Amino acid sequence: MDFHEKLVQDLVSKHGRDRENLLPILQGVIDQERYLSEEVILKISKEMSIPAADVYGTASFYSFLDIEPRGKFVIRVCKTITCAMKGKNQIIQSIESFLKIKVGETTIDKKFTILQTNCLGWCHKAPAMLINDDVYTELTPESVVDILREYKEKN
Amino acid sequence: MTTTIKKQLHRIDLIFKHEDDCKEILRNALSRSNQELVNEMVNSGLKGRGGAGFPTGLKWKLTAESNEKEKYVICNADEGEPGTFKDREILSRVPHKVLSGMAVCAKIIGAEKGYIYLRGEYKFLVPELKKELRKFHDILDELGLDFRVEIFMGSGAYICGEESALIESMEGKRGEPRNKPPFPSVRGFKGKPTVVNNVETLAHSYTILKFGAKKFRDLGVKDSRGSKVFSVSGDTPIPGIYELELGMTVQDFVDDFGDGDCKAVQVGGASGFLVPRKRFGKTTIGYEGKLTGISLPTGGSMMIFNSSRSMYNVLNNYLEFFEEESCGQCTPCRVGCQQLLKGIKAVKRGEKPASYLDQLLKLTETMKLTAKCGLGQSVANSFSSIVENFREEMIY
Ligand code: SF4
Ligand code: FES
């Protein structure tokens with residue numbers, strides 16, 4: 001059994017085969033893989049007896065259920081109004097020049113992806129971003145580089 | 001007509017202060033009859049704090065009246081309105097109050113199962129919440145209430161804050177709002193009667209049980225009773241979370257929270273209304289007068305803009321938000337959001353005459369009338385209040 005098959009089977013047996021367990025299962029894959037490959041979608045479809053188009057249609061609705069390959073660390077910078085007012089553009093520039101990629105891209109070593117996202121619920125501490133599930137607030141162009149340096153050293 | 005009701009801004013601290021053991025309050029509540037408890041909620045005048053403002057007591061009563069055996073209580077923690085962050089704060093600081101509100105609701109309606117639908121962006125809260133849940137379940141066992149709460153994670157979709165979209169999402173589908181009726185109180189999660197309440201609403205229901213309906217009712221004005229947790233952001237020296245009495249004017253608010261150069265306040269986030277300086281004194285924060293625009297309902301987001309801000313940029317940002325978050329199910333909303341965004345850009349670039357803005361205003365009217373859910377209907381709010389009050393900024 002290959003890695004994906006095992007991952008899907010484990011998740012399905014943990015959560016159950018009913019349709020209402022689809023989101024937790026898709027989230028489980030994201031936790032491991034950061035994105036839902038075609039292969040994984042087909043496996044889930046088979047295991048849960050839900051048409052593949054339906055699994056895909058559901059996944060593609062949610063912004064965190066990525067269907068394109070992502071890096072190990074997905075950086076999501078808030079682009080909504082307060083963060084925009086408090087300098088999210090400078091934050092993005094700083095991240096882009098440090099990682100040498102643009103928003104939407106992934107580094108060659110597959111470690112980082114930069115994305116933008118809508119309000120994260122930290123507007124009083126704008127600008128804010130998520131790296132995977134972790135929140136960083138009151139960012140400055142300098143502090144964001146310090147944060148990324150630490151991630152660079154992580155495996 | 002201007003409103004005659006006016007309350008000075010009054011800071012309250014019922015939700016975050018009074019750190020107490022919820023066990024005694026719950027024990028007391030569980031010893032009372034369902035009828036008595038529902039009456040307490042109805043008498044308090046509490047309305048849903050997510051923004052829509054449906055009377056909470058009535059929602060519980062309607063669900064309690066159903067004869068179905070299986071019922072659910074869902075805490076809506078899918079806080080996604082731009083400028084809103086109060087629910088996160090409530091869930092991280094006083095989760096036991098929210099859970100207690102859910103438990104009392106469960107007793108009244110006869111539910112054994114509850115869920116917290118937590119937005120994906122707040123996943124970092126899960127370990128603490130799970131700890132709280134374990135403690136809470138022990139308390140319920142001790143008090144003899146058969147009720148269990150689970151956490152269900154969202155995955156980044158603003159529309160899932162709409163209760164029927166939230167339920168679709170929990171059923172493993174795209175989070176697209178359902179046709180209503182039937183309402184969730186009749187047919188909700190898995191087709192069973194379901195109460196969906198906002199985090200703050202549940203926390204207030206706990207304070208009502210603790211202090212009594214009267215204390216809550218004595219706060220606020222007319223149809224807007226009690227206090228409300230506000231999320232304050234933007235050009236303010238003191239951004240953060242504040243519990244304030246309902247019924248203050250925007251002027252009172254700006255006097256306390258503005259930076260001295262306040263040009264406009266957006267009440268209720270991107271889906272709310274923009275209040276320009278000249279209306280500060282005439283606009284109250286509360287539910288009544290929803291139709292007159294003199295008094296504004298809100299989920300609690302208060303964004304302050306000072307004179308350095310371009311209202312064109314603000315509107316542009318809101319429209320990008322809606323365009324992205326529209327679930328796409330109905331044409332007026334899906335296409336409307338795109339056209340509005342394109343439209344203001346075209347006017348700004350001079351590709352369309354200024355009068356084109358009037359056509360866009362008509363489009364928002366159509367969206368208000370024909371969109372299926374609150375998202376598409378509410379785009380008109382920020383659009384028309386910004387375009388009408390800052391027309392020149394849209395053009396030049
Ligand atoms: S109004 Fe917009 S968000 Fe609501 S159902 Fe229609 S397309 Fe979806
Ligand atoms: S606007 Fe960025 S966190 Fe709310």
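At-a-glance table
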| quantity | calculated |
| --- | --- |
| From the options A:ASP31, A:ASP10, residue that is more than 14 Å from chain B (Cβ to nearest Cβ), part of a helix (DSSP H, G or I) and among the acidic types (Asp, Glu) | A:ASP10 |
| Test: B:LEU118 is within 14 Å of chain A (Cβ to nearest Cβ), surrounded by fewer than 24 Cβ atoms within 10 Å (Cβ to Cβ) and under 30 Å from A:LYS125 (Cβ atoms) | no |
| All positions within segment B:152-165 that are in a helix (DSSP H, G or I), among the hydroxyl-bearing types (Ser, Thr, Tyr) and away from ligand 2 (no atom under 16 Å from the Cβ) | B:SER164 |
| Residue under evaluation B:PRO353, criteria (1) in contact with a Leu (Cβ under 6 Å, 6 or more places away or on another chain); (2) more than 14 Å from chain A (Cβ to nearest Cβ), criterion not met | (1) |
| Qualifying position, being within 16 Å of ligand 2 (Cβ to nearest atom) and more than 20 Å from the chain's Cα centre (by Cα), among B:GLU365, B:GLU320, B:GLU393 | B:GLU320 |
| Single match in B:CYS333, B:CYS373, B:CYS337 (criterion: within 14 Å of chain A (Cβ to nearest Cβ) and either open to solvent by less than 30 Å² (accessible area, probe 1.4 Å) or within 16 Å of ligand 2 (Cβ to nearest atom) (or both)) | B:CYS337 |
| Residue tally, condition over 16 Å from B:GLY48 (Cα atoms), part of a loop (DSSP other than H, G, I, E, B) and open to solvent by 10 Å² or more (accessible area, probe 1.4 Å), over segment B:81-101 | 0 |
| B:ALA346 away from ligand 1 (no atom under 16 Å from the Cβ), in a helix (DSSP H, G or I) and not assigned by the TED database to the domain that holds B:SER164 | yes |
| Scan of segment A:127-155 for residues that are open to solvent by less than 20 Å² (accessible area, probe 1.4 Å) and either within 15 Å of ligand 2 (Cβ to nearest atom) or acidic (Asp, Glu) (or both), ordered by number | A:PRO127, A:ALA128, A:MET129, A:LEU130, A:ILE131, A:LEU139, A:VAL144 |
| Test: A:ILE114 is open to solvent by 60 Å² or more (accessible area, probe 1.4 Å) and either of a type in the set (A, V, I, L, M) or within 11 Å of ligand 2 (Cβ to nearest atom) (or both) | no |
| Test: residue in segment B:175-197 that is facing chain A (nearest Cβ under 10 Å), farther than 26 Å from B:GLU81 by Cα and open to solvent by 10 Å² or more (accessible area, probe 1.4 Å) | yes |
| Residue within segment B:266-274 that is at positive phi, within 16 Å of ligand 1 (Cβ to nearest atom) and surrounded by 20 or more Cβ atoms within 10 Å (Cβ to Cβ) present | yes |
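Yes or no, residue by residue, for (1) surrounded by fewer than 19 Cβ atoms within 10 Å (Cβ to Cβ); (2) away from ligand 2 (no atom under 16 Å from the Cβ); (3) at pLDDT 95 or above; (4) within 17 Å of B:TYR206 (Cβ to Cβ):
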{"residue": "B:ALA103", "(1), (2), (3), (4)": "no, yes, yes, yes"}
{"residue": "B:VAL126", "(1), (2), (3), (4)": "yes, yes, yes, no"}
{"residue": "B:LEU129", "(1), (2), (3), (4)": "no, yes, yes, yes"}
{"residue": "B:LEU140", "(1), (2), (3), (4)": "no, yes, yes, yes"}
{"residue": "B:LEU143", "(1), (2), (3), (4)": "yes, yes, yes, yes"}
{"residue": "B:GLU150", "(1), (2), (3), (4)": "yes, yes, yes, no"}
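Residues are listed down the side, and each one gets a yes or a no for (1) modelled with pLDDT under 95; (2) within 12 Å of chain A (Cβ to nearest Cβ):
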| site | (1), (2) |
| --- | --- |
| B:ARG225 | yes, no |
| B:MET248 | yes, no |
| B:VAL254 | no, no |
| B:ARG279 | yes, no |
| B:ARG309 | no, yes |
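Condition check ((1) under 20 Å from B:SER308 (Cβ atoms); (2) away from every other protein chain (no Cβ under 14 Å); (3) within 16 Å of ligand 1 (Cβ to nearest atom); (4) assigned to a loop (DSSP other than H, G, I, E, B)) across all residues:
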position: A:ALA84; (1), (2), (3), (4): yes, no, no, no
position: A:SER94; (1), (2), (3), (4): no, yes, no, no
position: A:PHE98; (1), (2), (3), (4): no, yes, no, no
position: A:LEU115; (1), (2), (3), (4): no, no, no, no
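The values are calculated or read from the model by the stated rules, or taken from the named source; none is laboratory data. Keep in mind that this is a model prediction, so the values were computed, not measured. So basically every Cβ, Gly included, is an ideal-geometry build from the backbone, and we count neighbours across all protein chains shown. What goes into the accessible areas is simple: the full protein's heavy atoms, side chains included, and nothing from ligands, DNA or RNA. Shrake-Rupley method; radii C 1.70, N 1.55, O 1.52, S 1.80 Å.
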